[in-house]
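Structure first, commentary second.
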Amino acid sequence: MNAVAHIKPSGAMVTADQADAIRTALKTSLYPGASDGSVDMVLAYCQAAGLDPMQKPVHIVPMWDGKARQTRDVVMPGIGLYRTNAARTGEFAGMSEPEFGPMITEVIGSREVTYPEWCKVTVYRQLRSGHVAEFTAVEYWIENYAIKGGKEQDQSPNAMWSKRVRGQLAKCAQAQALRMAFPEAVGAAPTAEEMEGKEIIEGEATHVQRARVEPAELPDYPEADFATNLPKWWDFIASGKKTADEVIATVQTKGRLTAEQIKEIRNPPKDEAEESEEQA
């Protein structure tokens, strides 16, 4: 190792002993279990961007590389770095409390999940003219959640997205709104919270849920599960939370539906009031 190393955000030199101490602190406290190579990527990222690695401005995100057919670590900014960079412009005028859409319950992967349909956040930027501009972002849970994955390629949400169904989605909405309001300060790189559970394909990241499994390769949707979930799907359609086509599209990410099953979803039973009106 060189006698000195550039790893302070200010560009100052530190000794080799100090560099080792920083690496040890990162591995044991901020990034427990991370490999030496991944920690070095964090240090390189922070040095290039002039960031203090001890503030944990970036995260190490394991992502599936579809081309290499293996998981590899990728360093990505966290939502905290977005907020910090926005504040440093001197024009950040705060953001709204997250507003959530209706709660939805459905079977995803191997378990039943209840989650908010969407989250809306508005970021305020005070322009030099004195005008306060508003930038609003709406993000949907189903489009952002991180899958559990594993050998079984389980499509249900991972532990964090299961425990914090609102908190994780709020971070994604905040990130999108901050990108809209402060493009020159936060850049275009997505945050770690947004990219967790996604797959890298030829340099681009997409949902593993959509990239790994094509509908034609799925097995038939289990008849027992269909009978159990059908009343819930009818409730979604009746309440206006989802259309029949949206329900069918979601279900067919888990298994193929027969023409008869699709017909059943599209034709929920009529209640007594509706029947009486038709007879009248």
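Determine the dipole magnitude for the stretch 59-201: charges of +1 sit on the beta-carbon of Lys and Arg, -1 on that of Asp and Glu, nothing else is charged, the reference point is the Cα centre, and the result goes in debye to the nearest 20.
Values: 17 positive and 18 negative charges, 74 e Å.
In debye, rounded to 20, the stretch 59-201 gives about 360.
Spin-label point model (7 Å from Cα, Cβ direction): what's the Asp245 to Glu143 distance in nm?
Spacing of the two 7 Å Cα→Cβ label points: 1.6 nm.
Once you have a ≥ b ≥ c as the square roots of the Cα gyration tensor eigenvalues for the stretch 59-201, tell me rounded if a/c is under 1.5, and otherwise prolate or oblate according to whether a/b is larger than b/c. Could you put the intermediate results ahead of the total?
Numbers: a/c = 3.16, a/b = 1.54, b/c = 2.06.
It is oblate, given that a/c is not under 1.5 and a/b is not larger than b/c.
Using 0.36 nm per residue of separation minus the Cα-Cα distance, give me the extension gain between Arg111 and Ala44 in nm, one decimal. Intermediate values should be presented prior to the final figure.
On the way: separation 67, 0.36 × 67 = 24.12 nm, distance 3.98 nm.
Value of the extension gain: 20.1 nm.
Trp118's amide H: which non-local residues (gap 5+, or another chain) put their own amide H closer than 5 Å, with H modeled 1.01 Å from N in plane and none for Pro or chain starts?
Here the answer is Gly101, Trp141, since their amide H atoms fall under 5 Å of that of Trp118.
Given H placed on each backbone N at 1.01 Å, which residues far from Ala93 in sequence or on other chains put an amide H within less than 5 Å of it?
Counting only residues 5 or more places away or on other chains, the set is Tyr124, Arg125, Gln126.
Count the lysine pairs in the stretch 49-185 whose Cα atoms sit under 23 Å apart, keeping only pairs 8 or more residues apart in sequence or on different chains.
Lysine pairs satisfying the spacing and distance rule in the stretch 49-185 number 10.
Scan around Lys148 for amide H atoms under 5 Å from its own, H built in the peptide plane at 1.01 Å from N, and keep only partners 5 or more places away or cross-chain.
Here the answer is Ser156, Asn158, since their amide H atoms fall under 5 Å of that of Lys148.
From the backbone phi of the stretch 231-246, what are the Karplus-calculated ³J(HN,Hα) couplings (6.51 cos²θ - 1.76 cosθ + 1.60, θ = phi - 60°) in whole Hz, Gly and Pro given as x?
For the stretch 231-246, the Karplus curve yields x, 5, 5, 4, 5, 4, 5, 5, 7, x, 5, 9, 7, 4, 5, 5 Hz.
Read-outs throughout are calculated quantities, based only on the coordinates presented, and are distinct from any laboratory measurement. Values in this document were obtained by computation on a predicted structure and should not be read as measured data. Ideal geometry is used to build each Cβ from the backbone, glycine not excepted, and the neighbour counts take in all protein chains shown.
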